[in-house]
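Structure record follows, encoded as C-alpha cells.
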Amino acid sequence: QVQLVESGGGLVQAGGSLRLSCAASRSIFSVNAMGWYRQAPGKQRELVARFIRGGLTNYADSVKGRFTLSRDNAKNTVYLQMNSLKPEDTAVYYCNALFLGWDYWGQGTQVTVSS
C-alpha cells in the first residue's frame, strides 16, 4: 500500500503561483507512476502531470510551460510548481501513485484561482 499526504493548496490571484507537495509512505522508486490529477466542479478527473518509471514525464497540454513536476527521492516527495495560474486551473488537486497495478490517492487539496 501507499499513503499519500498532500499540502500546498490555497487561494491565489490569476497570474500567481502555488506549489503542491505530496509525501508518499514508501520509496517513490518503488511505484510505477506518481503525479497529480485534478477535478473541477462538474468535470471528470484529469491528469495534470506525472512521472512514469523509466524517466518519462507527462503533462497535460493545458499546463505545459506553466507547471513543473519535480521530486525529492530522499523525502519520498513529489512537487507540482504551478506558475501563471489561470481561473480555469481551479480544481481539487489529487496526488496519485500507481503501485503493483493499484491506484492510490491522496485526500485532495483545493486550488482556487481568482480572476
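If I stretch the segment between residue 26 and residue 115 completely, what's the gain in nm (0.36 nm per residue apart, minus their alpha carbon distance), one decimal?
28.2 nm
What is the distance, in nm, between label points placed 7 Å from the Cα along the Cα-to-Cβ direction at residue 44 and at residue 100?
2.9 nm
Once you have the alpha carbon radius of gyration of region 68-115, what is it after dividing by 2.2 N^0.38 Å, with N set to its residue count?
Numbers: Rg = 13.1 Å, N = 48, 2.2 N^0.38 = 9.6 Å.
Normalised by 2.2 N^0.38 Å, the Cα Rg of region 68-115 equals 1.36.
Which length gain, in nm to one decimal place, applies between residue 74 and residue 57 when the Cα-Cα distance is subtracted from 0.36 nm times their residue separation?
Working it through step by step, the gained length comes to 4.2 nm.
Given all pairs of different Cα atoms, what value in angstroms does the Kirkwood hydrodynamic radius of region 1-91 take?
13.7 Å
Express the accessible area of the chain per residue in Å², computed with a 1.4 Å probe while the remaining protein chains stay in the model.
Normalised by residue count, the accessible surface of the chain is 53 Å².
Ranked by accessible surface with a 1.4 Å probe, highest first, in what order do 5, 12 come?
Numbers: 5 90, 12 25 Å².
Greatest to least solvent exposure: 5, 12.
Give me the lysines in straight-line cross-link reach of residue 43: C-alpha distance below 28 Å, same-chain residues under 8 apart excluded.
Correct list for residue 43: 64, 86.
How much of the accessible area of the chain, in percent, comes from carbon and sulfur atoms when a 1.4 Å probe is used?
Carbon and sulfur atoms account for 49 percent of the accessible area of the chain.
The values are calculated or read from the model by the stated rules, or taken from the named source; none is laboratory data. No experiment lies behind these values; they were computed from the predicted model shown. Note that we place each Cβ from the backbone using ideal geometry, even for glycine, and neighbour counts take in every protein chain shown. Quick note on the areas: whole protein, heavy atoms, side chains included, nothing else; ligands and nucleic acids left out. Shrake-Rupley method; radii C 1.70, N 1.55, O 1.52, S 1.80 Å.
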